[in-house]
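FYI, it's all coordinate maths here, none of it is from the lab. It should be emphasised that the depicted structure is a prediction, and the values quoted were computed from it without experimental measurement. Here the Cβ is made from the backbone with ideal geometry for all residues, glycine too, and neighbour counts use every protein chain on show.
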Amino acid sequence: MKPLAPGTVIFHRHRGYGVITTVNLLTGWVSARFGNEKRILDLNLMHDDIAHADGEPIRFRHHAPDRTPHARLMAMVRELHRAGYQRLYLASWPKPSGLHWHWHLFTGPRNWLQRPLREGWYGSGAEYIFNPVLGWGDAPGANTEELCSALSQFDPQGISQALGRDEDHSAWFANMCDALLPDYMFSLDRSDGQLHLPVLPVRRGVPEYSGPPLPWPPGWGASWRQAAYRLPQQGLRLLLP
């Protein structure tokens with residue numbers, strides 16, 4: 001399905017051509033302005049007769065768009081690994097609400113618990129559902145090659161720090177992409193004490209993952225053991241964002 005985002009031109013059977021002003025990819029509700037009307041109309045993509053400007057139907061009920069960018073990010077990271085940027089890593093974990101997942105790209109040493117933070121290299125599905133871009137000058141629906149180019153132009157210094165070899169992680173990541181894309185994503189969430197990597201669908205209407213159990217990334221367990229060793233045994237207080 002073609003991307004849906006603010007600025008997308010649509011066609012309504014009763015009102016003609018209009019422009020989407022706001023969108024919610026989780027619920028399917030959009031707001032649009034038609035012709036010279038000053039009033040914005042709220043529509044639901046699952047029930048109202050709406051199509052793209054070229055007449056292609058918007059089948060939100062049967063082919064919902066991704067509600068999180070994680071699958072697109074996984075494909076981009078795999079492509080950059082192939083190009084030699086193997087020191088690029090993707091972390092993902094759930095927000096407290098459980099409705100959306102954070103994403104965080106980082107480079108340099110592979111330390112899952114002390115990740116460097118660069119502006120524009122992190123986000124969550126909570127923002128993505130209202131504007132499906134990653135904020136690098138990328139367009140809605142940009143393919144993998146276009147995302148790689150957008151990130152490289154957005155922060156050339158940052159992406160240069162990913163140049164180098166990490167064969168253990170890049171091999172693991174390629175296997176995860178082969179097993180999960182394009183319908184699923186992984187989550188680095190230890191809250192339930194799971195033995196295997198948690199897997200979730202990236203859009204509604206996708207069945208639960210039923211493939212073989214997947215391993216945690218290289219160095220994941222060691223990072224937590226080292227962190228536990230450094231923590232004081234008594235009087236521990238954790239301040240979480």
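Taking only alpha carbon atoms, the stretch 1-115 gives an Rg to Rh ratio of 1.12, where Rh is the Kirkwood radius. Computed from the C-alpha gyration tensor, the three semi-axes of the ellipsoid equivalent to the stretch 1-65 are 17, 12, 10 Å, from longest to shortest. Axis angle, to the nearest 10 degrees, between helix 70-82 and the longest C-alpha principal axis of the chain: 60 degrees. As a proxy for reagent exposure, Ile40, Ile20 were ordered by neighbouring Cβ count within 10 angstrom, fewest first; the result is Ile40, Ile20.
Each of His63, His102 has some number of other Cβ atoms within 10 Å of its Cβ, and from fewest to most they run His63, His102.
If you sort the three axes of the alpha carbon gyration tensor as a ≥ b ≥ c, you get a/c under 1.5 for the stretch 70-230, which makes it rounded.
With each label modelled as a point 7 angstrom along the Cα→C-beta vector, the Glu146-Leu113 pair spans 4.1 nm. For the stretch 6-54, trypsin sites (Lys or Arg not before Pro) meeting the loop criterion (DSSP other than H, G, I, E, B) and having at most 13 other Cβ atoms within 10 Å: Arg13, Lys38, Arg39. In terms of overall dimensions, the C-alpha atoms belonging to the stretch 66-158 reach 35, 31, 21 Å along their principal axes, ordered largest to smallest. Axis angle, to the nearest 10 degrees, between helix 144-154 and the longest C-alpha principal axis of the chain: 70 degrees.
Annotation for Arg165 and Glu56: the two label points, set 7 Å from Cα along the Cα-Cβ direction, are 4.2 nm apart. Relative to the longest principal axis of the Cα atoms of the chain, the long axis of helix 220-230 lies at roughly 60 degrees. Calculated from the alpha-carbon coordinates, the stretch 175-220 shows an Rg and a Dmax of 10.7, 34 Å respectively.
Post the alpha-carbon centroid distance, the stretch 2-75 to the stretch 159-213, in whole angstrom. Centre-to-centre (Cα) distance: 29 Å.
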